[in-house]
């Protein structure tokens, strides 16, 4: 009977420690949730303040005042607008000629300086190996 009482007491101590651990964790989590709620509230307040500032900066009357003060523009007249059909045609695009080929110009200059007969009789000079003589 004593062993049974000792086991029950140990189980009660273990259960009490487990319940205390659960209570401690739930308290920590509740504190974290409260802190996060405070952070969310502060962020929402900051977003609301930024939206209010944006609304102030984006106010058309404020922008109009700034343009009058800094840009010195005149208001548009109704006579400044015209129908699309009365606008002039777009000017044609001018395509620039390609740049001259310097190597082709040099070859043409060399060919024009040589007599015509030497061009017909000349064998082309290449970097290939000359053909072997046939030794039959």
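The values are calculated or read from the model by the stated rules, or taken from the named source; none is laboratory data. Here the structure is a predicted model, which means the values were calculated and not measured. Virtual Cβ from ideal backbone geometry, glycine too; neighbours counted across all protein chains shown.
None of 95, 9, 3 is part of a helix (DSSP H, G or I), surrounded by fewer than 10 Cβ atoms within 10 Å (Cβ to Cβ) and at pLDDT below 95 except 3. Number of residues in the stretch 60-92 that are surrounded by 10 or more Cβ atoms within 10 Å (Cβ to Cβ) and either in contact with a helix residue (DSSP H, G or I) (Cβ under 9 Å, 6 or more places away or on another chain) or in contact (Cβ under 8 Å) with a residue 12 or more places away in the chain (or both) equals 2.
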